[in-house]
Amino acid sequence: MSKYTVLGIETSCDETAASVYKTDEGVLSSVLFSQIDLQKEYGGVVPEVASRSHLEKIRPIIQKALDDAKFTIDAIDVIAVTTKPGLPGSLLIGLCFGKTIAWALQKKLIGVNHLEGHAFSSFLENDVPFPHLCLTASGGHTNLYLINGFGDYTFLGQTLDDAAGEAFDKIAKLINLPYPGGPEIEKLAQQANFQDFFKYPRGQANTLNFSFSGLKTAVMYDLIQRGAYDLKTKQFSPSPVTLTHSTRFACSGRLERLSADVSAIQASPDAVAKGDGWKDLSESKGLELKKQVASSLLVCVKDIFIHKINYALKSHPQIKSVSFVGGVACNKYLKQELHTFCETRNIQFFSPSPKYCTDNAAMIAFVGHYKAKQGKFEDLSLDIF
Ligand code: KG4
Ligand code: ZN
C-alpha cells in the first residue's frame with residue numbers, strides 16, 4: 001500500500017490537537033484546543049491542569065478533525081501519535097487514546113517524536129530542498145538539525161539551558177507581561193521600532209549550541225541597575241525619577257517631555273507622590289522601559305539566531321535551504337530578518353504559517369504519513385519513553 005489516510009494526535013504539552021492528512025491531498029483538517037486561557041493565571045504550564053484538560057478535550061477534538069475532513073474513523077488507515085518529548089501525563093492521554101483506536105478498530109499505529117514534527121513542519125506547505133537546515137525554537141526547545149531526507153536528520157546543536165521561547169516568557173515575567181511572553185514582547189518591540197537600546201550580551205561563541213539563561217540574568221541585572229527591578233521582592237518597580245533619567249539617556253527625541261516630567265516632580269514631590277500623578281508617571285515610564293527591553297531583546301535574539309545559522313552554513317556548505325519553525329517562528333520580525341539573511345547567502349528560506357509553527361497535529365500526521373510510506377509501523381507496546 002502506498003497511499004494512506006492518517007489521523008495525527010498531539011497532546012505533548014498544553015494543546016490538544018488532531019489532524020487528518022491524506023496522500024496526494026495533504027492536510028484535510030487540523031483542529032486544536034489551546035489551554036492558554038486555563039494556564040495563564042499560573043504564568044506557565046501546570047502539568048496536572050494540562051492532563052485534565054486533554055482528557056476532557058481529546059474525544060471532541062478528534063471528532064471535529066474527522067468531521068472537518070468529512071470522514072468517519074473507518075476511512076483512517078493509520079493513527080500517528082506524539083510519544084515524546086513532553087509532559088508524561090499529557091503524552092499518555094494522546095497515546096492511550098490512539099492505541100485504543102488502533103486496537104479496537106484494527107488501525108496501523110505510528111509513534112512520532114514531537115520535535116521531528118516541528119522539524120518537518122515547513123514541508124506541510126512547501127517543497128523544501130534537501131540538504132536542509134532547520135532551526136526549531138519553541139517554549140521547550142531550541143535545536144538545529146541537518147536534514148538530508150524524510151526521517152533522515154542529524155542533530156547539530158541545542159540549547160544548553162533555557163529555550164528561546166522560555167527566555168521570552170521568563171523575561172516577559174520580569175517586566176510584568178502576561179504569559180506567553182513571546183507575542184507580548186513582539187508587540188512592544190514593534191512600538192519601539194526594533195531598536196537595540198541596551199545591547200544585551202550575544203555570547204557569540206563558535207558553537208552550534210545555544211544558551212539563553214545568561215540573557216535572562218543580564219536583562220535582570222540591567223533592570224536592577226536602572227532602578228527598575230527589586231531583587232528582594234522580585235518585582236518590576238520602575239520609579240519615575242530613575243526612569244526619566246535613564247530613558248532620557250536612551251531616547252533623545254523625548255528629552256523635552258521627560259524634562260517636564262522631572263520638573264513636575266521637583267516642583268511638587270509630595271503631591272505627586274501621594275496622588276495619581278505619580279502613579280500615571282510611573283506607569284508611563286514603565287511602559288516606555290518595557291518597550292525598550294522588548295525591542296533590545298528581540299534584536300539580540302535575532303543576532304544570536306543569525307550567528308548560529310551562519311556558522312552552520314559555513315560548517316555544512318552543502319545546505320540548500322533553511323527553515324525556522326516552532327512557536328517562536330510566529331515572530332514576524334525574526335522571520336523577516338532570517339529570510340533577508342538567507343537571501344544574501346542565496347539560500348532558500350522557509351517558515352510555516354503561524355498555525356503550523358505552534359504545536360499542532362498536522363505536523364504529526366505528516367511525519368506519520370512518511371513513516372507509513374517507509375513501513376515504520378509499531379505495535380501496541382508503544383510507550384512514551
Ligand atoms: O511551539 P510552541 O507553541 O510550544 C512549545 O512546544 O513550546 O511555542 C511556544 C513558545 C512560547 O515560549 C511563546 O512565548 C513563543 O513560543 N512565542 C513567541 C511568539 N509567539 C509565541 N515568541 C516570540 N514571538 C512570538 N510572536
Ligand atoms: Zn512544540
Handout entry: Residues of segment 102-119 satisfying the condition of being more than 13 Å from ligand 1 (Cβ to nearest atom) and of a type in the set (A, V, I, L, M)
Key = 102, 104, 105, 109, 110, 112
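Within segment 65-79, can you find the residues that are closer than 12 Å to residue 369 by Cα and of a type in the set (Asp, Glu)?
77
Residue by residue, here is whether (1) of a type in the set (Gly, Ala, Ser); (2) away from ligand 1 (no atom under 14 Å from the Cβ) holds:
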| site | (1), (2) |
| --- | --- |
| 13 | no, no |
| 17 | yes, no |
| 38 | no, yes |
| 44 | yes, no |
| 60 | no, yes |
Problem - Subset of segment 370-385 (residues that are touching a Gly at 6+ places or on another chain (Cβ under 7 Å), surrounded by 13 or more Cβ atoms within 10 Å (Cβ to Cβ) and in a loop (DSSP other than H, G, I, E, B)) - result: 382
Completion exercise
Among (1) out of contact with any Phe, Trp or Tyr (no Cβ under 6 Å at 6 or more places or on another chain); (2) not in a helix (DSSP H, G or I), residue 100 falls short only on (2)
Exercise for the section: Answer with yes or no whether residue 343 is surrounded by fewer than 24 Cβ atoms within 10 Å (Cβ to Cβ), within 16 Å of ligand 1 (Cβ to nearest atom) and not hydrophobic (A, V, I, L, M, F, W, C). Expected result: no
Exercise for the section: Being out of contact with any helix residue (DSSP H, G or I) (no Cβ under 9 Å at 6 or more places or on another chain), modelled with pLDDT of 95 or more and of a type in the set (Val, Ile, Thr) is the filter here, so list the residues in segment 189-236 that pass it. Expected result: 217, 224
Problem - Any chance residue 91 is part of a helix (DSSP H, G or I) and under 24 Å from the mean Cα position of the chain (by Cα) - result: yes
Handout entry: Residue identified as more than 16 Å from ligand 2 (Cβ to nearest atom), of a type in the set (Val, Ile, Thr) and touching a residue at least 12 places away in the same chain (Cβ under 8 Å) among 78, 112, 46
Key = 78
Practice task
Check off (1) under 28 Å from residue 300 (Cβ atoms); (2) in a loop (DSSP other than H, G, I, E, B); (3) touching a strand residue (DSSP E or B) at 6+ places or on another chain (Cβ under 6 Å); (4) not charged (D, E, K, R) for residue 139 and give me the number that stays unchecked.
Solution key: (3)
Problem - Flag if residue 119 is within 20 Å of residue 313 (Cβ to Cβ) and not assigned by TED's automatic domain parsing to the domain that holds residue 206 - result: yes
Problem - Pairs where the first residue, in segment 3-14, is free of Cβ contacts under 8 Å to residues at least 40 places away in the same chain and the second is within 12 Å of ligand 1 (Cβ to nearest atom), C-beta under 7 Å, 6+ apart - result: none
Problem - Flag for residue 97 being more than 16 Å from ligand 1 (Cβ to nearest atom), more than 19 Å from the chain's Cα centre (by Cα), outside the structural domain of residue 35 (by TED's automatic domain parsing) and touching a residue at least 40 places away in the same chain (Cβ under 8 Å) - result: no
Exercise for the section: Can you confirm whether segment 224-235 contains a residue that is within 22 Å of the chain's Cα centre (by Cα) and either in a loop (DSSP other than H, G, I, E, B) or of a type in the set (A, V, I, L, M, F, W, C) (or both)? Expected result: no
Handout entry: Test: residue in segment 127-141 that is touching a helix residue (DSSP H, G or I) at 6+ places or on another chain (Cβ under 7 Å), among the β-branched types (Val, Ile, Thr) and within 16 Å of ligand 2 (Cβ to nearest atom)
Key = yes
Handout entry: Scan of segment 1-54 for residues that are part of a strand (DSSP E or B) and among the hydroxyl-bearing types (Ser, Thr, Tyr), ordered by number
Key = 5, 16, 19, 21, 29, 30, 34
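The values are calculated or read from the model by the stated rules, or taken from the named source; none is laboratory data. These numbers were taken from a predicted model, which means no experiment stands behind them. All Cβ positions, even for glycine, are placed from backbone atoms using ideal geometry, and neighbour counts span all protein chains on display.
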